[in-house]
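Only one structure is covered here, and it is reproduced in the block below.
FYI, it's all coordinate maths here, none of it is from the lab. Worth saying up front: this structure is predicted, and the values here are computed from it rather than measured. Every residue, glycine as well, gets a Cβ built from its backbone with ideal geometry; the counts of neighbours run over all protein chains shown.
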Amino acid sequence: MKLYRVFPWDIDAADDEFGGALYAPPTNAGRIDNADLYSTLYLASHPEAAVAESLGRLRVWRRASFFRAGVQVALAAYELPDDTPIADLTSVAVLTKLGVQRAPDVVSRDREATQSLARTLYGSGRYAGISWWSYYAPDWTCVALWDRVGLRLRDTPIRLDENDPAVAVAADALPRQLFRSAGKTRRGLRK
């Protein structure tokens, strides 16, 4: 399966080091994170979904939106073997087995609840990660991997900016105001 990720890319970093395409920081900030057990690499089914997941919290996207701590973000494409065991949280059978009463709880912003669910799945030893639908668009899939043994980088990452086609698609889908470097916007009025 082909997956995508937006991350702050340091071209000089090794893939598994900070700034690298396969680096997953140990944190408890994300929905699926349990840093005491594993580090999580967040990916998406479409390039625009990866952009939306990375920038969606911002209402306006402009040149500065594509930098994290002074480092420009990049879009990377990955390949994950189709037989990788992923807990599909869009499956009613999986949700029932986990005791999830309401499907929207899967995309809840309640980190404690979603991290607890991830801890249970990780503890089962049956899965390499979890998939669910995007908070921003239900036809986009998000994948969180704690076991990345089969994950391969497909190509060299591509630096992202406000003129990238995946950014334009994501901005239209959310919708977000996108300021292009030439001074034009895709949504809303330029101030």
Problem set entry | DSSP beta bridge pairing in segment 2-178, given as percent antiparallel to the nearest 5 | 85 percent
Seminar exercise, completed: Listed by chain and number, the residues whose amide H is under 5 Å from that of F67, excluding neighbours fewer than 5 places away on the same chain and using placed H, are V73
Exercise. Build a GNM of the chain with springs between Cα atoms under 10 Å: which of G150, G125, G19 gets the top mean-square fluctuation?
Worked result: G125
Exercise. What is the spin-label model distance, in nm, from I158 to S124 if the labels are put 7 Å beyond Cα along the C-beta direction?
Worked result: 3.6 nm
Problem set entry | Simple label model, 7 Å out from Cα along Cβ direction - Q72 to S39, nm | 2.5 nm
Seminar exercise, completed: Which of D12, D164, D172 fluctuates most in a GNM of the chain (C-alpha springs under 10 Å)? That residue is D12
Exercise. In nanometres, what is the gap between the two model label sites at M1 and D16, each 7 Å from Cα along Cα-to-Cβ?
Worked result: 2.4 nm
